[in-house]
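Working notes, beginning with the structure itself.
The values are calculated or read from the model by the stated rules, or taken from the named source; none is laboratory data. None of these values were measured; they are calculated from a predicted model. Note that each Cβ is placed from the backbone with ideal geometry, even for glycine, and that neighbours are counted across all protein chains shown.
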Ligand code: GLN
């Protein structure tokens, strides 16, 4: 397996298209040529190639994990009252709400993710952030920490927070919620961590190594459904036809994918396309999906 993964990485290494989004690059020394892949099975075996132990911010790949935690903490009904499950077809940071319900379209775009953050248990920003940190750390199987340098990109998210407050999707001071959401995006992870976090979804909420139940199966089914339809923003349809598994990208260049009952997959390459998805990350997933027949609609 490692040889196969090295071989796949080598094939895409020469592609330097796309750009690193400076506003989200919390490590000034970030090398845009980094390339990594990690696959964790539901039995807990991890296979890595490339820069799989380098750190980078989780960014929007945090959204499915916080959505899962919100479902566990606040219950499905309370979460559905505040956040929809329809693909928006818009960019991740679109300032928009569902016209018919006044809710954010889904928890994978920023509006829904900020609403989901507020539905995690905790009396204030610090308590919620501590809860998220504990949950992400259990998913990854090691203590994670975050970097506070992302505040320069919060203005648009603050605008989204205020919009959510006017329609009572947020019931508290938006700035505090956005502060917590910004920290949530700044958790520092490796490709290896992400594959284990994704494998917990693949394993129905049981962390493959510790064996701890971190999420109910119903929560995982809900999160994976929304990842499948909304995880790649306005590229969700392209992704579904070319790759065909639930996934989530982050603007720092990571992508996670989940093959239910089998694998968690993570890739990392910092240059992203115009939709904010890692260029080589998408190529790697397309390749793996073809080669390993991962597409959920594949017929025998
Ligand atoms: N922190 C970023 C934001 O909320 C995450 C965006 C992303 O990864 N697409 O704007």
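Here is a yes/no grid of residues against (1) surrounded by 23 or more Cβ atoms within 10 Å (Cβ to Cβ); (2) at positive phi:
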{"residue": "46", "(1), (2)": "no, no"}
{"residue": "58", "(1), (2)": "yes, no"}
{"residue": "61", "(1), (2)": "yes, no"}
{"residue": "64", "(1), (2)": "yes, no"}
{"residue": "80", "(1), (2)": "no, no"}
{"residue": "97", "(1), (2)": "no, no"}
{"residue": "102", "(1), (2)": "no, yes"}
{"residue": "111", "(1), (2)": "yes, no"}
{"residue": "124", "(1), (2)": "no, no"}
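So, restricting to helices (runs of 4 or more DSSP H) that lie completely within segment 49-142, which ones have at least 2 residues that are within 15 Å of the ligand (Cβ to nearest atom)?
Here the list reads 62-74, 110-118, 125-140.
Please work out which one of (1) at pLDDT below 95; (2) within 16 Å of the ligand (Cβ to nearest atom); (3) in contact with a helix residue (DSSP H, G or I) (Cβ under 7 Å, 6 or more places away or on another chain); (4) farther than 22 Å from residue 52 by Cα is the condition residue 234 fails and give its number.
(3)
Suppose we keep only residues that are without any contact (Cβ under 8 Å) to a residue 60 or more places away in the chain and within 16 Å of the ligand (Cβ to nearest atom) within segment 242-260. Which one would you say is farthest from residue 288 (Cα to Cα)?
Looking at the filtered set, the residue picked out is 247.
Check off (1) in contact with a strand residue (DSSP E or B) (Cβ under 8 Å, 6 or more places away or on another chain); (2) touching a residue at least 60 places away in the same chain (Cβ under 8 Å); (3) within 16 Å of the ligand (Cβ to nearest atom); (4) over 23 Å from residue 80 (Cβ atoms) for residue 239 and give me the number that stays unchecked.
(2)
Which residues, taken from segment 153-208, are more than 15 Å from residue 112 (Cα to Cα), in contact with a helix residue (DSSP H, G or I) (Cβ under 9 Å, 6 or more places away or on another chain) and within 11 Å of the ligand (Cβ to nearest atom)?
Matches in segment 153-208: 153, 154, 183, 186, 187.
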